[in-house]
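Below is one structure, written out as structure tokens, with a few remarks after it.
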Amino acid sequence: IGDDAVDLAVMTGGVHFCIIGVVLLAGDIPGCGTDLTPIPAVAQALALGFQALAISFPATIFFALLLNEVRNMKFKKVVQTISYLPHFLSMVIVVGMAQNIFSSTGPVNALVQAMGGEPIFWLGEEKLFWWLVAVINVWKEVGWNSIIYISTMTSMVSELFTRSTTSW
């Protein structure tokens, strides 16, 4: 790979990444040498998107159903407001929060150590990273997305009630 073909080269944690067009190449040779493994960036983005969708769609519906069943309106409004506030945070802020929470000295590893386990490098483990990205995305968007389902359920219930009383 020539230097003119490399659009971006980044070195993080001893692994070098080069983006050439839409293909992400990873290897351990500085300057994007010849021992690179192609990882299609589009495939990664699609996989993360599908994973987040597979988790967030049922989580959003479940959360909306739970909130719809709450009868204490004050509690319902407080929970709803708290749950949709992360939607308004920038993803940069959310990732910074995740880095602090899942760091080696963060609260998650403190809990793991308190239970007698060894600290885990959450954001550095490939298998854990994919799931963490999906879970963080769900946390960020589940409250906002549930508003649509709650409003639909609320209008459906009143419409069905009106129809049931007028048809008898």
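The values are calculated or read from the model by the stated rules, or taken from the named source; none is laboratory data. Being a predicted model, the structure only gives us computed values, none of them experimental. Ligands, DNA and RNA are stripped out before the accessible areas are found, and what is left, the full protein with its side chains, is counted by its heavy atoms. Shrake-Rupley method; radii C 1.70, N 1.55, O 1.52, S 1.80 Å.
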**Asked** Per residue, how much accessible area does segment 71-165 show when a 1.4 Å probe rolls over the protein heavy atoms, in square angstrom?
**Response** 71
**Fill in**
Residue span Ile148 to Ile101: 0.36 nm per residue of separation minus Cα-Cα distance leaves a gain in nm of 14.0 nm
**Message:** With θ taken as phi - 60° and the coefficients 6.51, -1.76 and 1.60, list the Karplus ³J(HN,Hα) couplings across segment 96-109 in order, rounded to whole Hz; mark glycine and proline as x.
**Reply:** x, 5, 5, 4, 5, 5, 9, 5, 5, 10, x, x, 5, 5
